[in-house]
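Okay, so here's the structure we're looking at.
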Amino acid sequence: MKGSRLVVAGGGNHGQFLFDANSCVDKHGSRYLLTGKLPARDATCPATPAPKP
């Protein structure tokens, strides 16, 4: 959609914001919620490491 941005976390699933401890995704999500500012362009964040067994 015009004016939108996509933030993707490699290897993840839905629910990345706040629940997967992905600081890159959290930074973009929090910034938007607090200021209304979107990233300048679509963003690809590294995958969150899998939890240790």
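Need the list of lysines near LYS2 for cross-linking: C-alpha distance under 26 angstrom, and skip anything on the same chain fewer than eight residues off.
Filter leaves LYS27, LYS37.
Given H placed 1.01 Å from N in the peptide plane, which residues other than close sequence neighbours of ALA43 have an amide H under 5 Å from its amide H?
Here LEU6, VAL7, VAL8 satisfy the definition.
Please give the per residue accessible area of the chain, computed with a probe of 1.4 Å over protein heavy atoms only, in Å².
Details: 4430 Å² over 53 residues.
Per-residue value: 84 Å².
Arranged from highest to lowest average of other beta-carbon atoms within 10 Å per residue, in what order do the peptides 19-27, 39-47, 1-9 appear?
Details: 19-27: 15.3, 39-47: 12.1, 1-9: 10.2.
Averaged packing, sorted descending, gives the order 19-27, 39-47, 1-9.
Which of (i) 24, 31, 19, 16, 9, 2; (ii) 24, 52, 20, 3, 0; (iii) 26, 63, 11 is the computed P(r) over Cα pairs in 10 Å bins from 0, in percent for the structure on display?
This structure yields the entry labelled (ii).
May I ask you to give the percent of accessible area on the chain that is carbon plus sulfur, with a probe radius of 1.4 Å?
Here it works out to 61 percent.
Compute the angle between helix 23-35 and the longest alpha-carbon principal axis of the chain, please, reported from 0 to 90 degrees and rounded to the nearest 10.
Once rounded, the angle reads 30 degrees.
Any idea how far apart LYS52 and SER30 come out in nm if each label point goes 7 Å out from Cα toward Cβ?
2.4 nm
Relative to the Cα centre, what is the charge dipole magnitude of the chain, using +1 at the beta carbon of each Lys and Arg, -1 at the beta carbon of each Asp and Glu, and rounding to the nearest 20 debye?
Details: 7 positive and 3 negative charges, 43 e Å.
Magnitude of the dipole: close to 200 debye.
The values are calculated or read from the model by the stated rules, or taken from the named source; none is laboratory data. Everything numeric here is computed off the predicted structure, so don't read it as measured data. Methodologically, a virtual Cβ is constructed for each residue, glycine included, from the backbone with ideal geometry; neighbour enumeration extends over all protein chains shown. Remember, those area values only see protein heavy atoms, side chains included, never the ligands or the DNA or RNA. Shrake-Rupley method; radii C 1.70, N 1.55, O 1.52, S 1.80 Å.
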